[in-house]
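Structure first, then comments.
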Amino acid sequence: MDIAFLIETVVKIVVILLVFSALAGFGTYFERKVLAFMQRRLGPMHVGPYGLLQIAADGIKLFTKEDIVPQNVVGPIFKIAPVITAATAFMAAAAIPFMPSFTMFGYEVHPILADINIGILYILGVMGIGLYGPLLGGLASANKWALISTARAASIFISYEVITGLALLAPLMMVGSLSLIDFNNYQVGGIASWIVWSQPVAFVLFVIAGFAETGRTPFHLVANDHEIIDGFGTEYSGMRWGLFFIGEYANMFFISFVIAILFLGGYGDGSGLGALALLAKVSFIFFFFLWTRAAWPDVRPDQLMWLCWKVLMPIAVINIVITGIVMMF
Amino acid sequence: MSLEQFQDRNVAEQNYFHVDIPDYPTTGWGKVKRAASRTFKGELFVGLWVVFREMIKFDIHTVQYPKEKLPVGPRYRAVHEMQRLFESGTERCIGCGLCEKICISNCIRMETKLDENSRKLVTDYTINLGRCIFCGYCAEVCPELAIVHGPRYENVSDQRAHFTDFSDMLTPIDAAISGTQKEFDGFGAVTPHEDERVKTTPLAY
Ligand code: SF4
Ligand code: SF4
């Protein structure tokens, strides 16, 4: 392994960590503003111009708050749980191509950490592990709300993961590869070749599963503030809670990237315009996450299970069968 | 809403109507049909459109509180104020004790004595705002319009005793003399047509 590769990888890791931690913070600001405008409010206005420095204020608050480990919690698990959420969110990013490759100082940079040939499998698997954060944190918290949230997390987990996998199977059959770069190259021929047109059902199913995965409204059940306080996060404070938060928002960004690359053409032919288009798509999907939060009600956990098992799973299976038949002839 | 509608107390007949909600389906096929109609009706997109429309209309209703404040109604009952007479600037309170008597939470405490002109003088007057329920009885019963409810609703102090003292509630004397003391038009105040409504006291008996 040569030194240049090592240095490049470390630099990439640092850049991804920094950019997405900052983006997670900025995402909260963006979310508060968008929700506020949709509800005819102004949102944060006091810290800095138009409340822009609110992120800094929140960050300082989270970092300097006392780290409380309450009585009766299972200490080690309680402490490790937020790290699992944040770490797996960022680990999943390793297989995502954020940009087309470009040349800098005569050196070709691939803005992807590891172009492994099972990229999607890896991303979904690691994001799935991320659910251990809420699970363990809730169980270790010695708090009834956290426990309810854990039970919900488990029930949601066994529902949506099926949909994620089955929904992706049909596009996978068409592309014939698990690498996100191959997905991107499959759709290089412009808007008409986007997979969303040939696999609209899979697209809708995957977006629904993505909402369940990131725990956003209408599937905001695990940490549903108005029902079970903050769910698994009830007993957390300071930076531990902040890690959960960063994990959640980083996950939202990464899922947006995955959706944009899988179904919406990714960065296209790899030109600068394609990179901008990818950013625009990601921004729109992220905006859609916030948009639905302002517009849609939450479903109950049993409704989510009903939806996943009785409606979405049969549709996904039928979709796969039809795709197979079409590909065969 | 027009005034007639507002004064018509028979509300049951003017503004209410039955919403047409179909019964819950009992058969399995009925449930499937309901699920299908809910899925394809596009109501979720109506919701999306409504919030998006509000966002682009940008009709913001936020009041940026410390910089902007909503007007307070004249009958708003916030922390009490003790008024002075215009021009002379004498305290209006005559120490009659009615407010102390009527206060239902017993939070007014006053001591009086006769001063050198044989006029009653209030020596000590406090309202325990921790117990006051801001009912307004004291303002209503006061014969001199001396104790009134002011519009001051922002009270910050490290001790609540700090704004309960008579001297804190009293209008500053220069404000009274220069006529900038605001006359109270809320609870128990003189209404505009009071002259016509007052009946002369028959002195014959
Ligand atoms: S407002 Fe009511 S409770 Fe408060 S001091 Fe006056 S009479 Fe007492
Ligand atoms: S009722 Fe009015 S005049 Fe009488 S003691 Fe109270 S404040 Fe003074």
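The values are calculated or read from the model by the stated rules, or taken from the named source; none is laboratory data. All values derive from a computational prediction rather than experimental measurement. Cβ placement follows ideal geometry from the backbone for every residue including glycine, while neighbour counts extend to all protein chains displayed. SASA here: full protein model, heavy atoms, side chains in, ligands and nucleic acids out. Shrake-Rupley method; radii C 1.70, N 1.55, O 1.52, S 1.80 Å.
Here are some notes:
- Proximity of backbone amide H atoms, modeled 1.01 Å from N, is registered between B:T112 and B:T123 at under 5 Å, excluding neighbours fewer than 5 places apart on the same chain.
- Number of partner chain Cβ atoms within 10 Å, mean per residue of B:33-45: 1
- Protein heavy-atom accessible surface, 1.4 Å probe, per residue over the range B:80-178: 57 Å².
- Solvent accessible area, Å² - A:H46, 1.4 Å probe, full protein context: 120 Å²
- Cα-based helix-to-principal-axis angle, B:43-57 vs chain B, degrees rounded to 10: 40 degrees
- For the set B:D23, B:D59, A:D269, the ranking by accessible area, highest first and with no ligand, DNA or RNA atoms included, is B:D23, A:D269, B:D59 under a 1.4 Å probe.
- Computed per residue of the protein assembly as shown from DSSP H runs no shorter than four, each worth -39500 (n - 2.57), the mean residue ellipticity at 222 nm is -16500 deg cm²/dmol.
- Average partner coverage of A:292-304, which counts Cβ from other chains inside 10 Å: 2
- Net +/- balance of residues flanking B:V72 in space, Cβ distance below 15 Å, scoring K and R +1, D and E -1: +1
- Antiparallel DSSP beta bridges within the protein assembly as shown, percent to nearest 5: 95 percent
- Applying the criteria of a DSSP loop state and at most 15 other Cβ atoms within 10 Å to the trypsin sites (Lys or Arg not before Pro) of the range B:60-147 yields B:K67, B:K69, B:R75, B:R119, B:R131.
- Taking all protein chains together, B:F45, A:F203, A:F219 sort by accessible area into B:F45, A:F203, A:F219, largest first [probe 1.4 Å].
- At most 10 other Cβ within 10 Å, DSSP loop - GluC sites (Glu not before Pro), the range B:78-124: B:E87, B:E116
- Taking amide H as placed 1.01 Å from N in the peptide plane, B:L170 has its amide H under 5 Å from the amide H of B:M82, each at least 5 places away in sequence or on another chain.
- Which listed pairs, of A:K12/A:K61; B:K41/B:K69; A:K281/B:K67; A:K281/B:K31, have C-alpha distances above 32 Å, in listed order: B:K41/B:K69; A:K281/B:K67; A:K281/B:K31
- Dipole-positive endmost among B:A36, B:V46, B:Y24 within the range B:3-57 (Cβ charges, Cα centre): B:A36
- Angle between chain B longest axis and helix B:28-40 axis [Cα atoms, degrees, rounded to 10]: 70 degrees
- Peptide B:48-54 shows a mean partner chain C-beta count of 5 within 10 Å per residue C-beta.
- Span from the the range A:1-70 Cα centroid across to the the range A:161-179 one, whole angstrom: 32 Å
- Exposure check, 1.4 Å probe, all protein chains in place: B:D185 carries approximately 100 Å² of accessible surface.
- Surrounding net charge for A:I229, when Lys and Arg each add one and Asp and Glu each subtract one, Cβ distance under 11 Å: -3
- Hz values of 3J(HN,Hα) by residue in the range A:53-68 - Karplus curve (6.51, -1.76, 1.60), Gly and Pro given as x: 7, 4, 4, 4, 4, 5, x, 4, 4, 5, 5, 9, 5, 5, 8, 9
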